[in-house]
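First the structure, in the form of structure tokens, and then the observations on it.
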Amino acid sequence: MSWKWIFAMAWRDSRSNRRKLFLYMGAIIVGVAAQVAIMSFRENLNESINNQTKELLGADLQVQRSAPLQPEVVAYLDSLSPNQARMIEFNSMAYFPKNGATRLSQIMASEPEFPFYGTLITNPKEAINFRTQSNGAYIDNRIMLQLDIHVGDSVKIGLNTYHILGGIIDIPGQSMAASFLGPRIILPFDGIETSGLLERGSRLLYTTFVKYPPNVDAKVIVEELEAMKDTLSFGFDDVAERQNEIGEAVNYLSNFLNLVGFIALLLGGIGIASSIFVYVRQKISTIAILRCLGVSSNQALFIYLIQALFMGFMGSLFGAILGSLVQLYLPVLVQDFIPVEIELFISWSSILLGLLTGIIISTTFALIPLLAVKKIPPLFTLRTAHIKLLQVLDNATKSLLTLFLIFGIVGYAWLMLQDMLTAVYFTIGLGVCLLILTSISVLIMYMARIFIPSSWTYEWRQGLANLYRPNNQTTTLLLTFGLGVTLISSLYLTQDLLLGTINFEGEDELPNLAMFDIQYDQNDGVNEIITNYGLDVMQNVPIVTMRLESLQGRTTQEILNDTNRVAKRWALNREYRSTYRDSLIETETLLEGEFIGTVNSLNAPVPISIEIELMKDLGASIGDTLIWNVQGIPIISYISSTREVNWQTPEPNFFVVFPKGVLEPAPQFFATTVSTPNQDISLSLQREIVVAYPNVSAIDVSQIVGTIREFIDRITFVIQFIGFFSIVTGLIVLAGSAATSRFQRIRESVLLRTLGANKNQVIKIQIIEYTFLGVIAAFIGLFLSIVTTLIIGYFFFNINFTPNFTIIFIEANVLILLVLFIGLLNTRGIHARPPLEILREEGT
Amino acid sequence: MFKILQVQELTRIFKSGSRELAVVNKVNFDIEIGSVNAIVGPSGSGKTTLLGLCAGLDKPTSGEVVLQGIPLGSLSEDERAKVRNKHIGFVFQTFQLIPTLTAIENVMVPLELRGDSSKKVKDRAKELLNEVGLGDRTHHYPTQLSGGEQQRVAIARAFINKPKILFADEPTGNLDTETGQHIEHLIFNLNKSQKTTLVLVTHDLELAEKCDRIIKIKNGKIDSDTRKTIQEVSQL
């Protein structure tokens, strides 16, 4: 076989078609770019995590407990290393006397030795040097800007007032997103007890950070701590563990993004297959001539395979370059969620993998039509015959290619998801979507063939007939653009669905301000302030903290030690905050048993109501006996009922509800909810309460909603950014498909013009065809995305989804216009020039 | 005289649903080397199908074609392609030039395929294009040439591999009378100078009359087979 001639022939053959082949290349560029960008980004991120390992924790080890560490643990840590730093974390209201602003904040009272690794970065930079000042505080820079607070101003936390020394830019091991939950405030460890916040109901977290001396075997320490942690009830994290956790999270995110990007690549593949189909169809006579002159079937195949390979390679190369550039932008999108500083470098392995994936995908998809080249007989030089390319391939070849594709997709998805079952589901899901879209396109072509009324005008009949005529773009467009729309619209609608669940604005009957940690002796005072504002106290709920001591006669410790236990650790170990009342509230539904609201005798076991998920996680059932340790006093109870709770409301909800008549004498605090008419009154009320009762925390629902909205927006933007690649691919494929059929379109329009059709009629026919294609692709894509979102909502979030038709209407119009624009772009310039001139030029 | 083409019991049946149609039905004839032959017959008589079978472009349902001593029936499609490249030249009614190649590139294809040196091939292609009167249009694409010019390029291509036998399917069918006559002259002259055997399929009896032998096909069978005497041939 003369390779030199084959290459020369491939080059010559491509001459007049390079513009069309460039679009073919475009289909792969975007997909590869998405792959390379995400893979490079992951490489960068993993490398950054490896380089900044110790900074992830700020120490070698952290040991935590919701109360001061037990003396045994303290002694053990002392034996490990003298380099220790303690920290107490809790949430509390911060009050800024300068302008009266209040904000629920995350307080970290830490010794100045923390962090041992990495640097606490402040604004101004040198502010960190004053850290030993006993009344100095550092506050999230973001919140300082928001509330117009400056260095030198003061902040009141509980009973203490601190001078603000600087703004927090970065805390080692924490991402910016940590500040979304409330501004972080670092205070000195010494003197925090005088704030009056350590005893009064606040949830506290005591942490000791340890820096190991040299030559310590970290694994041994982990084993020893592991042995102690259950009996002494504490938790711990070391650098290796934290690195694993973050690494896993990064991999999950990047694998997910990669898969979304992979869909763009597959769409590109479909685009390639369809454009090569049209390309080969146009080349049938050339192939027949070559066969006639003595070209073997393999030589004929290689002439076209070389062109496809070259374009696939070039497309992948440009894609890799583009992907490496996009990679520079990705950190901007996610830096806030990542606890390390992302270092950027070129990842050659990602580029290579992207190139390889691009070439394999483009070649495999191109092979489907290209293998038919081998079957084109030289006899076609003597008589023109109509050939269906797919039909000339034997079933074995078709099955082999299909299997290769299926295994390829499953394999890639498996590589990305690390889970075979999910990879198979992904492939099946994709297959089902493609099958639905193909079936719909077949149906549309069938309907267009039989249902176009003869009474319609000529332009309408022609335009719609173009949907099923040879070289039509119906299937290609529906597959690529339709799938792209399905994907991106599903993401958009899911985001809308999630945001919808937290959108309480405008619902007057719901509270928008919740106050927690109100002590027993403060309750009346707080209620009075609320009433003085002319507002109603919507709920005033008592809360009693307790721990589970035993379940069905077995202590929690015994259950924890049982390797065959059903009960989950969190359910056995947690500190419960329970309430007591005589009836169910609106957010609760009784599922089983009887809700008993009042008891009169303390001698019998107390009937309690348990939330259904907790009951499952305890492995308990109705009638089971539970003993609670209510701040030192055991209370025997039994499960009399189980409830379903709607947690997505601002009201305080509870896992365990006691009847009235039992917990009233126990130490307790209160949560109160109010509906304020506007933000000004809400802020003013919060300020007054915090000034009077500094330990009371207020959760402003509108602020929380804003925060969650920002969080979801950012996360979905990242996903949509990658999902957008598939829409772009869909458009490129559409442009490619339109370009490859351009010659036929031109011939038709020239013929029509020759027969007397005017320019406007020809344009009208095209507008009708592309508008119809756009309408179908957009609506089917949107319909599928609504179904997908319904499924996601129902199975993953347990939310009933009501589609937002305004959004869908806007989306649909934009998509239809895009299709129309690209379709008409393809016929540009052919209306103004003489028909023969165009035919000669295009026919080469 | 040595036989370059032997056609034995050649049959080609096309199936259309449950119906079978024998387009070529048990045809037998031989073609002598260096002879000029015409296959004539009305439209649909099976003459083009017969040409396709003789040139190894199609496979018969039964019977055999032996070309230059090679039985084509036992060969695969790729092996037949080699035979075509080595021994056969083609001229088609619709010219069948490759639109993406220039005139000279079109002419060069058969020899390039053999792997001959490009300089030699180019020189030979130029020579042939000069012979057909297109020496100044070597770098034009088919769409930039008239029908007659395209057919002249096709003739140059047909002769470049010094074929033993040239099959021409209605070579003047798409051309006006004057151009058609010019093309006829070219084919006959080159055929003579290259000592090629010519098999011409036409329904133009005037053209057929210019050949040594006329095989008339009707309903897939040979209706008549007329040979001219040596005297008649020499008068042509």
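What size of dipole, in debye to the nearest 20, comes out for the protein assembly as shown about its Cα centre when the only charges are +1 on Lys and Arg C-beta atoms and -1 on Asp and Glu C-beta atoms?
7860
What number does segment A:1-70 give for Rg over Rh if you use C-alpha atoms and the Kirkwood radius?
Here Rg/Rh amounts to 1.52.
For chain B, take the longest principal axis of its alpha carbons; what is the angle in degrees between that and the long axis of helix B:177-194, to the nearest 10 within 0 to 90?
90
Under 10 Å from the Cβ of A:ALA109, count the other residues' Cβ atoms, weight Lys and Arg +1, Asp and Glu -1, and hand me the total.
Working: positive: A:ARG86; negative: A:GLU89, A:GLU111, A:ASP190, A:GLU193.
Taking every other residue near A:ALA109 into account, the sum is -3.
Once you wrap a convex hull around the alpha carbon atoms of chain B, what is its projected area averaged over all directions, in nm²?
13.4
Using a 10 Å cut-off on Cβ to Cβ distances, tally the other chain neighbours for every residue of B:156-169 and report the average as a whole number.
1
With the cut-off at 1.5 for a/c, could you classify segment B:172-218 from its C-alpha gyration tensor as rounded, prolate or oblate?
Oblate shape, in that a/c is at least 1.5 and b/c is the bigger or equal ratio.
Considering only A:PHE234, A:THR598, A:LEU290, whose Cα is most displaced toward the positive end of the charge dipole of chain A, charges sitting on Cβ of Lys, Arg (+1) and Asp, Glu (-1)?
The residue sitting farthest along the positive end of the dipole is A:LEU290.
In whole Å, what are the extents of segment A:352-434 along the principal axes defined by its C-alpha atoms, from largest to smallest?
55, 30, 20
Please report the equivalent ellipsoid semi-axes of segment B:1-110, computed as sqrt(5 x eigenvalue) of the Cα gyration tensor, largest first, in whole Å.
Working from the Cα gyration tensor, I get semi-axes of 25, 19, 15 Å.
Work through the residues other than B:PRO60 whose Cβ is under 11 Å from its Cβ and net out their charges, Lys, Arg +1 and Asp, Glu -1. Intermediate results must be reported in sequence, preceding the final value.
Values: positive: B:ARG12, B:LYS26, B:LYS59; negative: B:GLU9, B:ASP58, B:GLU64.
Once all neighbours under 11 Å are counted, the net charge is 0.
Over all residues in A:9-16, what is the mean tally of Cβ atoms on other chains that come within 10 Å of each residue's Cβ?
Rounded to a whole number, the mean comes out at 4.
What number does segment A:530-667 give for Rg over Rh if you use C-alpha atoms and the Kirkwood radius?
Reported Rg/Rh (Cα atoms, Kirkwood Rh): 0.99.
Which order do the peptides B:22-29, A:620-627, A:773-780 take when ranked by the mean count of other beta-carbon atoms within 10 Å per residue, highest first?
Going by the mean number of other Cβ atoms within 10 Å, highest first, we get A:773-780, B:22-29, A:620-627.
For segment A:579-643, what is the convex hull (Cα atoms) projected area averaged across all directions, in square nanometres?
Value for segment A:579-643: 4.6 nm².
Which order do the peptides A:692-698, A:68-74 come out in when sorted by mean C-beta neighbours inside 10 angstrom, highest first?
Most protected by this proxy first, the peptides run A:692-698, A:68-74.
Starting from the Cα of A:MET447, step 7 Å along the direction of its Cβ; do the same at A:PHE310; then give the gap between the two resulting points in nm.
The answer from the label model is 4.4 nm.
What's the extension gain from A:PHE256 to A:GLU613 if we count 0.36 nm per residue and subtract their Cα-Cα distance?
Using 0.36 nm per residue and subtracting the Cα-Cα distance, I get 125.7 nm.
Could you compute the FRET efficiency for A:THR598 and A:ASN532, with r as their C-beta to C-beta distance and R0 at 30 Å, rounded to 0.05? Please report the intermediate quantities before stating the final value.
Values: r = 32 Å, r/R0 = 1.08.
Rounded to the nearest 0.05, the efficiency is 0.40.
Once you place label points 7 Å from the Cα toward the Cβ at A:GLU664 and A:SER134, how far apart are they in nm?
Using points 7 Å along Cα→Cβ, the separation is 4.6 nm.
So if I average 1/r over every pair of distinct C-alpha atoms in chain A and take the inverse, what Kirkwood radius in Å does that give?
31.8
Using the basic label-point model (7 angstrom from Cα toward the beta carbon), what is the B:THR143 to A:ALA249 distance in nanometres?
Taking the two extended label points, one gets 6.0 nm.
Compute, for segment A:77-221, the length of the dipole vector about the Cα centre, with Cβ point charges of +1 (Lys, Arg) and -1 (Asp, Glu) only. Units Debye, rounded to 20.
The dipole magnitude comes to about 300 debye.
Rounding to the nearest 20 debye, state how big the charge dipole of segment A:146-301 is about its Cα centre with +1 on each Lys and Arg Cβ and -1 on each Asp and Glu Cβ.
Using Cβ point charges on Lys, Arg, Asp and Glu, segment A:146-301 gives about 1340 debye.
Could you compute the FRET efficiency for A:SER621 and A:SER154, with r as their C-beta to C-beta distance and R0 at 41 Å, rounded to 0.05? Can you show the working numbers first?
On the way: r = 55 Å, r/R0 = 1.34.
Once the sixth-power term is evaluated, E becomes 0.15.
Please give the peptides A:283-289, A:116-122, A:518-524, A:805-811 ranked by average Cβ packing (other Cβ atoms within 10 Å per residue), highest first, as a rough proxy for protection.
Per-residue mean Cβ counts within 10 Å order the peptides as A:283-289, A:116-122, A:518-524, A:805-811.
Work through the residues other than A:LEU685 whose Cβ is under 15 Å from its Cβ and net out their charges, Lys, Arg +1 and Asp, Glu -1.
Neighbourhood net charge equals -3.
As I understand it, the dipole of chain B uses +1 on the Cβ of Lys and Arg and -1 on the Cβ of Asp and Glu, about the Cα centre. Which of B:ILE31, B:LEU166, B:SER76 lies farthest toward its positive end?
Most positive-ward Cα: B:SER76.
Under a straight-distance cross-link criterion of Cα-Cα below 14 Å, which aspartates and glutamates are reachable from B:LYS192, leaving out those fewer than 8 residues away in the same chain?
Of all the aspartates and glutamates, those that pass the test against B:LYS192 - Cα under 14 Å, at least 8 places apart if same chain - are B:GLU131, B:GLU184, B:ASP212.
Which of the helices in chain A, when you take each full DSSP H run, stretch at least 15 Å along the axis at their Cα atoms and have an average Kyte-Doolittle score of 1.6 or higher?
Details: long enough: A:3-14 (16 Å, -0.22); A:18-51 (46 Å, 0.38); A:218-229 (16 Å, 0.32); A:239-292 (71 Å, 0.85); A:297-334 (52 Å, 1.54); A:348-370 (32 Å, 1.83); A:395-417 (32 Å, 1.50); A:420-451 (45 Å, 1.99); A:474-501 (38 Å, 1.20); A:679-692 (20 Å, 0.48); A:701-740 (56 Å, 1.35); A:742-754 (17 Å, -0.57); A:759-792 (49 Å, 1.57); A:805-825 (30 Å, 2.66).
Span-like helices in chain A: A:348-370, A:420-451, A:805-825.
How big is segment A:657-813 on each of its three principal axes, counting only the C-alpha atoms and giving the largest first in Å?
Extents along the principal axes, in whole Å: 97, 35, 25.
Residue separation times 0.36 nm, minus the C-alpha to C-alpha distance between A:ARG565 and A:ASP394: what's the value?
Working: separation 171, 0.36 × 171 = 61.56 nm, distance 5.77 nm.
Using 0.36 nm per residue and subtracting the Cα-Cα distance, I get 55.8 nm.
Would you list which aspartates and glutamates come within 19 Å of A:LYS229, measuring only between C-alpha atoms, while excluding same-chain residues fewer than 8 positions from it?
A:LYS229 reaches A:ASP60, A:GLU72, A:ASP78, A:ASP217, A:ASP237, A:ASP238, A:GLU241, A:GLU549, A:GLU558, A:ASP562, A:GLU575.
Can you tell me how much longer the chain between A:ASP217 and A:ARG142 gets when fully stretched, taken as 0.36 nm per residue apart minus their C-alpha distance, in nm with one decimal?
23.0 nm
Considering every residue in B:108-116, what mean count of other chain Cβ atoms within 10 Å of its Cβ is obtained?
Taking all residues of B:108-116 together, the mean is 5.
Just round it to a whole percent: the fraction of Cα-Cα distances in segment A:187-272 exceeding 14 Å. Don't skip to the end; give the middle numbers.
Values: 2925 of 3655 pairs.
Roughly 80 percent, once rounded to a whole number.
When the Kirkwood hydrodynamic radius is evaluated over all pairs of different C-alpha atoms of segment A:1-146, what value in angstrom, to one decimal, is obtained?
21.9
Calculated FRET efficiency, A:ARG469 and A:LEU344, Cβ-Cβ r, R0 51 Å, to nearest 0.05?
0.50
Taking chain B as the reference, fit the longest principal axis to its C-alpha atoms, fit the long axis of helix B:77-87 to the helix C-alpha atoms, and give the angle between the two in degrees, 0 to 90, nearest 10.
60
Give me B:SER16, A:SER92, A:SER66, A:SER14 sorted ascending by neighbouring Cβ count inside 10 Å, so fewest comes first.
On the way: B:SER16 7, A:SER92 23, A:SER66 14, A:SER14 19.
Going from sparsest to densest Cβ surroundings: B:SER16, A:SER66, A:SER14, A:SER92.
Rounded to the nearest 500, what is chain A's calculated 222 nm mean residue ellipticity when only DSSP H runs of at least 4 contribute -39500 (n - 2.57) each, over all residues?
For chain A, the value works out to -18000 deg cm²/dmol.
None of the figures in this text is laboratory data; all of them are computed from the coordinates on show. In this text the structure is predicted, and so the values were computed from the model without any measurement. Here Cβ is always computed from backbone atoms with ideal geometry, including for glycine, and neighbour counts include all displayed protein chains.
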